[in-house]
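Enquirer: The structure follows.
Values quoted throughout were computed directly from the atomic coordinates according to the rules given, and no laboratory measurement underlies them. No experiment lies behind these values; they were computed from the predicted model shown. Positions of Cβ are backbone-derived with ideal geometry, glycine not excepted, and every protein chain shown enters the neighbour counts.
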Amino acid sequence: MKAADDIDNSLAEAGLDTLAIRAGQRRSAEGEHSEALFLTSSYVFANAAEAAARFSGDQPGNVYSRYTNPTVRTFEERIAALEGAEQAVATSSGMAAILSTCMAFLKSGDHLVCSRDVFGTTTVLLNKYLSKMGVETTFVPVTDLALWKQSIRPETKLLFLETPSNPLCEVADITALAELARAEDVLFVVDNCLCTPALQKPLALGADLVIHSATKYLDGQGRCLGGVVCGRSELVDEVLSFIRSAGPTMSPFNAWVFLKGLETLRLRMDAHSVNAQLLAEWLQRQPAVEQVFYAGLPDHPGHQLAARQQRGFGGVLSFRVRGGREQAWKVIDSTRILSLTANLGDAKTTIVHPATTTHGRLNDQQKKASGITENLIRVAVGLEDIEDIKNDLLHGLTAI
C-alpha cells in the first residue's frame, strides 16, 4: 500500500480534477479505496504522555472530533488544494464560516467594510449581532472601488466581498480590492460560494481568505450543511482556535458527503454554466421578462471583468418580470419541475422570490439599495435538460 506521503508528493503538480478526487486522502491499515468515514467523538491514546502531548499540540494527531477528525481533515486538505491554500478549516455551515472568521479577527471598536449585495443572512449577522459586540459595518456597492477606499478608517480591520453577488450577479475586481487591502493593511476575505475553485481562485488574485458554504456547489446535491475557510496557515489557525473553543464544526458524515461531491465539481460547474448561459439568453427574448442578470451576457456590466477573473459564469441568474410581486409569484407557482426552495448549487434547478425569502429580513431601504425588487426572481440553474427548464418557466411567463 502506498504511504500517505507518497500519495501527497505525487499530487504536487496535479490538475484540478485530480486534486478534487485524490487530494487529502490517507488510507488506513484496511486499505480502503473510498475515503473512510470516522464516526467517533474522541480518540484513545497509548499512554498519558501521548495524551498530554496531543492536547498541548506538541504531537500531531487526533484529540477530539470537535476540531480533529480524519474524515473532516481529508475534506479540509482537499478543498485547500483546490483553492491553492496552505490550510483550510471546516465549519458546520457557510454562515458558521463567516461568523468564525469575524470572531477570529474582529473585536469591540473594530470596523469592517462589506459589499452591499451579499446574502441576506450575512447582512443580518453583521448588522444585528456583530454590532452587539461593538463591531461596525459599512456596506458599499460591489463595483465602486472608490467608495471601498473611502470607507476604510483607521479602525477598519477587514474587507468582506461576495463575488459574483447573490442574486444580481454583480462582479467585483478582486485584484484591485486585494491591492487596496494590502495598501491599507487590512484583511481581505472573499466569499467564493457561487463560483467555487472550479471557476474562480480568489487567493491567486490576492485575497487573504476564501469562504464557502459547502452546502451549495461543493456538495452539489443539496444533502448536507457545511462551510469552510481557506488561506494562509497563520490566518486559518486563528479561525481554528475560535472553532475549537466555540464548536461550530463540521460533522464527519457531512465531510464524507462533501468529499464525494468534490469529485465531480468541475464537471458540474461547467454544466451549470452552460445551462445558465442558455437560459439567460432565452429569458432575454421573452416578452414578459423586463431584465436578466447574468454575467455571461455580453451586456452585463461585469461581463468583461468576469471573463478575466473567472473560468466560467456559474449557475445562478436572476430576472425581473413585468409587473410586481403578484406576477413574480405567478411565474414561480406555475412551474411544475423547478424546486421552490432557497438553496442553490443543486443538481435540481431551484427558483425563489428573494424579496420575501433569502432577503426577506432586510428592510425596505436595504432591499432598494441592493436591487431586491418585488418582481425579481432568482433561478439556480441545475443539470436537467435545458429545454425542460425553459418549458417549465414558460408556463408562468405566458400567464402574466
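Enquirer: What's the magnitude of the charge dipole for the range 130-236 around its Cα centre, counting Lys and Arg as +1 and Asp and Glu as -1 at the beta-carbon? Answer in Debye, nearest 20. Walk me through the numbers on the way to the answer.
Expert: Working: 9 positive and 13 negative charges, 55 e Å.
Charge dipole of the range 130-236: 260 debye, to the nearest 20.
Enquirer: Among 50, 170, what is the fewest-to-most ranking by other Cβ atoms within 10 Å?
Expert: Numbers: 50 13, 170 25.
Lowest to highest Cβ neighbour count: 50, 170.
Enquirer: What order, most packed first, do the peptides 286-294, 176-184, 356-364, 52-60 have when packing is the mean number of other Cβ atoms within 10 Å of each residue? Don't skip to the end; give the middle numbers.
Expert: Working: 286-294: 18.8, 176-184: 17.1, 356-364: 15.2, 52-60: 11.8.
My ranking of the peptides, most packed first, is 286-294, 176-184, 356-364, 52-60.
Enquirer: Straight-line reach from residue 149: which aspartates and glutamates have a Cα under 16 Å away, not including same-chain ones fewer than 8 places off?
Expert: 173, 179, 184, 185
Enquirer: Still on this structure: As a quick test, which of the pairs 128/367; 216/348; 260/348; 107/367; 107/216; 132/367 have an alpha carbon distance above 19 angstrom in this structure?
Expert: Values: 128/367 16 Å; 216/348 12 Å; 260/348 17 Å; 107/367 28 Å; 107/216 30 Å; 132/367 23 Å.
Correct reply: 107/367; 107/216; 132/367.
Enquirer: Report the label-to-label distance for residue 29 and residue 253 in nanometres (one decimal), using points 7 Å from each Cα along the Cα→Cβ vector.
Expert: Here the modelled spin labels are 2.8 nm apart.
Enquirer: Under 10 Å, Cα contacts only: if you run a Gaussian network model on the chain, which one of 212, 353, 303 comes out with the highest mean-square fluctuation?
Expert: 303
Enquirer: Along its three principal axes, how long is the chain when you only count alpha carbons? Whole Å, largest extent first please.
Expert: 72, 50, 34
Enquirer: Order by neighbour count: 98, 152, 79, fewest other Cβ atoms within 10 Å first, most last. Show your work: numbers first, answer last.
Expert: Details: 98 26, 152 21, 79 30.
So the ranking, lowest neighbour count to highest, is 152, 98, 79.
Enquirer: Assuming 0.36 nm per residue, please report the length gained on full extension of the stretch residue 17 to residue 384 beyond their Cα-Cα distance. Write down the numbers at each step before the final one.
Expert: Values: separation 367, 0.36 × 367 = 132.12 nm, distance 2.25 nm.
Extra length available between residue 17 and residue 384 comes to 129.9 nm.
Enquirer: Rank the residues 169, 195, 224, 102 as a footprinting-exposure proxy: fewest other Cβ atoms within 10 Å of their Cβ go first. Each step should come with its number before you reach the end.
Expert: Details: 169 30, 195 27, 224 19, 102 24.
Taking fewest neighbouring Cβ atoms as first place, the list is 224, 102, 195, 169.
Enquirer: Next up: From the alpha carbon gyration tensor of the range 1-119, can you work out the equivalent ellipsoid semi-axes (sqrt of 5 times each eigenvalue) and give them in Å, largest to smallest?
Expert: 30, 23, 13
Enquirer: Hey, got the dipole for the range 4-262? About the Cα centre, +1 on K and R Cβ, -1 on D and E Cβ, debye to the nearest 20? Could the numbers behind the result be given before it?
Expert: On the way: 21 positive and 31 negative charges, 156 e Å.
Its charge dipole is roughly 740 debye.
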